[in-house]
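Structure, as C-alpha cells:
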Amino acid sequence: MEKIRDILRRIGDWKRAGIGGSRLRARIAGKGMEGPSIDLLIDISRTRSRSREKYPEGDRLYFTSEGLRWATPRSAADHCAGRLSSAESADISCGQGGQAISMSRTCDRVVAVERAPLNVFIASLNFRELEMDNIELIQGDCLDPEIVPRIGKDVPVFSDPARPPGSSERKLEELEPDPRAVMEVYRDRASGFCFEVPPHIRRERIDFPCEAEYVSIDGRLNRLNLYTGALMHARSSAVVLPSGYRIAGAAQTSPRPSAGPVSRQYAAEADPAVVASGLLRDALSGVEADILELDDRRTLVLSAGEIGSGCIGPPMRVLSICSENELPDELLRIGAGKVTLRFSIDPAGYWTKRKELEEPLSGKRKVHLFKGQDYIILEALSR
Ligand SMILES: C[S@@+](CC[C@H](N)C(=O)[O-])C[C@H]1O[C@@H](n2cnc3c(N)ncnc32)[C@H](O)[C@@H]1O
C-alpha cells in the first residue's frame, strides 16, 4: 500500500514536471514495477483528477478509468446508504468500492463481495486509504453457495450489477448478477434488496414487486434503485440531488396537461427523476400549473407565478410561445442574441441550427429555446 501510494505521488510529480510517455514508464519501471502494473498505475493516476467529480476525496482514492465509470457517485451512494442503514449490510457486487464506502458510514459492518480480482485489489486500497475497517471484502461470485452464508441473517443486500456498455434496450437479463438470481439465492438471508439498475429500463421489464426510486443528480436522471422487502416503502419515488427533495407514492401514467389554460408567465423544467417516477402531478398538487411534455427527456411546468418546489429546476420567464414560421421574427422582436437549443437535436446539427437562428439577431438577450408542438422561448431570471 505504502509503495503504491508513494509511486502514485511520484507519477503526479513527474507528470507535473512534463515527464510523460516512455520516460514516465521508465521511471516507474525504475521503482520495481513491470508492464501491466505500470499501465495500471498510470491509469489510476490519470483517473484521480476525474474521481473528484464523483468523490470529494477523489484525489487520494484508487480507481481505474473503467472502475470510476461504473462507480456510484457519492451523493447517490450516500442517499442509498442512508436507506440501507443497519447493524450489517452487504454490497454483493462492489466493484472498486464506491457504494460500499458510503455503506460503511451508515452500517456497523459491511460485507463486500466482488468477482473480479483487480476490482477486489483496488477496493481494498480504497478501504484502507479511508481507514474503513468495518468492511469485510470477499473475492468471489456472489451467487456461489459458499459465499452466501458469509452474509448475516436479515440484512439489507445491495447490488449494482455490471451492465453491457452500449445496449440501448435495457433488460434485466443483461445484468450481472441478474437481480432475480440474487433474490433467489439470498432470499433466506436478506431483509430486503436494493438493486441499482439502468434508469432507462422500462417499468414493465421489472417483473417483481418493488419500489422504483428514480434519482437525478444536477438535473439529469442518474439512477434507478429498486427496493424490495422491508426496504420497500412505496410503489414509486423520486429523489433530486443534491437538494435532497424526495417524493413517494403510487406512479401515475405520464403527466397530463392541467384542465384550464394557465397564464404562462413562468416556466421551469420538471426534474427528470420526478417525471420518470410518474409523480410530477402529485408533486404539483394544489399548484396552478400546466404540464407540457415536450419530448422523452424534457417536461416544462408553466405557471402564472414562480413556483417554489424542489421538483422543478430554476424558474425562467416565458418570452414567447410561437410556431416554427413565427420563430425568426419572435427572436428579433424580443431582442434575442444568443439562443441555447433545449430540444432533441442531432449533436452534429446543433451548431448549424443555432448559427442559422442567431445570424440575423443583434440583441443582447440570452434565451433558451424549447420545442414541443410550438417553440417556447424562455429567459433565466437574474437573481
Ligand atoms: C457496476 S459495478 C459496481 C460499482 C460499485 N457500485 C461502485 O460504486 O463502485 C458492478 C460490479 O459487479 C461485479 N460482478 C458482476 N457479477 C458478479 C457476481 N456474480 N459476483 C460478484 N461480483 C459481480 C463486476 O465485476 C463489477 O465490478
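Just so it is clear, none of the values below were taken in a lab; they were calculated from the coordinates. Since the model is a prediction, treat every value here as computed from it, not as a measurement. A quick note on method: Cβ atoms are made from the backbone with ideal geometry, for glycine too, and the neighbour counts reach across all protein chains shown.
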*asked:* If I stretch the segment between E136 and V287 completely, what's the gain in nm (0.36 nm per residue apart, minus their alpha carbon distance), one decimal?
replied: 49.4 nm
*Dipole of the chain, Cα-centred, from +1 at each Lys and Arg C-beta and -1 at each Asp and Glu C-beta, to the nearest 20 debye?*
1400
*asked:* Among S45, M1, V120, whose Cα projects farthest towards the positive end of the dipole of the stretch 1-145, with charges put on the beta-carbon of Lys, Arg (+1) and Asp, Glu (-1)?
replied: S45
*Taking the Cα centre of the stretch 306-383 as origin, work out the dipole magnitude from +1 charges on Lys and Arg Cβ and -1 charges on Asp and Glu Cβ, in debye rounded to 20.*
400
_Cα-based reach from K371 at 30 Å (exclusive), listing lysines while leaving out same-chain residues under 8 positions away_ = K338, K353, K355
_Sequence-separation-based contact order of the stretch 150-218, relative, with Cα cut under 8 Å and 6+ spacing, percent_ = 42
_Let me check I've understood the local charge: for L341, count other residues with C-beta under 9 angstrom from its C-beta, Lys and Arg +1, Asp and Glu -1. What total comes out?_
+4
*Mind jotting down the distance between the C-alpha centroids of the stretch 1-73 and the stretch 320-383, whole Å?*
44
*Give me the lysines in straight-line cross-link reach of K15: C-alpha distance below 20 Å, same-chain residues under 8 apart excluded.*
K3, K31
*Whether the chain is rounded, prolate or oblate, judged on the alpha carbon gyration tensor where a/c under 1.5 counts as rounded*: oblate
*In terms of modelled amide H atoms, which long-range or inter-chain residues lie less than 5 Å from the amide H of F158?*
A90, D91, I92, C194
*About its Cα centre, what dipole magnitude does the stretch 71-233 give when the only charges are +1 on Lys and Arg Cβ and -1 on Asp and Glu Cβ, stated in debye to the nearest 20?*
360
*When only Cα pairs under 8 Å and 6 or more residues apart are kept, what is the percent relative contact order across the chain?*
8
*In sequence order, what are the phi-derived ³J(HN,Hα) couplings for the stretch 139-145 according to the Karplus relation 6.51 cos²θ - 1.76 cosθ + 1.60 with θ = phi - 60°, rounded to whole Hz, with x for glycine and proline?*
8, x, 7, 5, 8, 5, x
*Hey, how much of the P(r) for the stretch 2-48 falls beyond 13 Å, as a percent of Cα pairs?*
48
*For A248, net neighbour charge (Lys/Arg +1, Asp/Glu -1) across residues whose Cβ lies under 11 Å away*: -1
*In nm, to one decimal, how far is the modelled label at Q373 from the one at F121, with both set 7 Å along Cα→Cβ?*
6.1
*Assign one of three labels to the stretch 227-383, namely rounded, prolate or oblate, based on the Cα gyration tensor with a ≥ b ≥ c the square roots of its eigenvalues; rounded applies when a/c is under 1.5, prolate when it is not and a/b is larger than b/c, and oblate otherwise.*
prolate
*Stretched out fully, how many nm does the piece from Y350 to K338 gain, at 0.36 nm a residue minus the Cα gap?*
3.0 nm
_Cβ-defined net charge surrounding L125, 15 Å radius [Lys, Arg +1; Asp, Glu -1]_ = -3
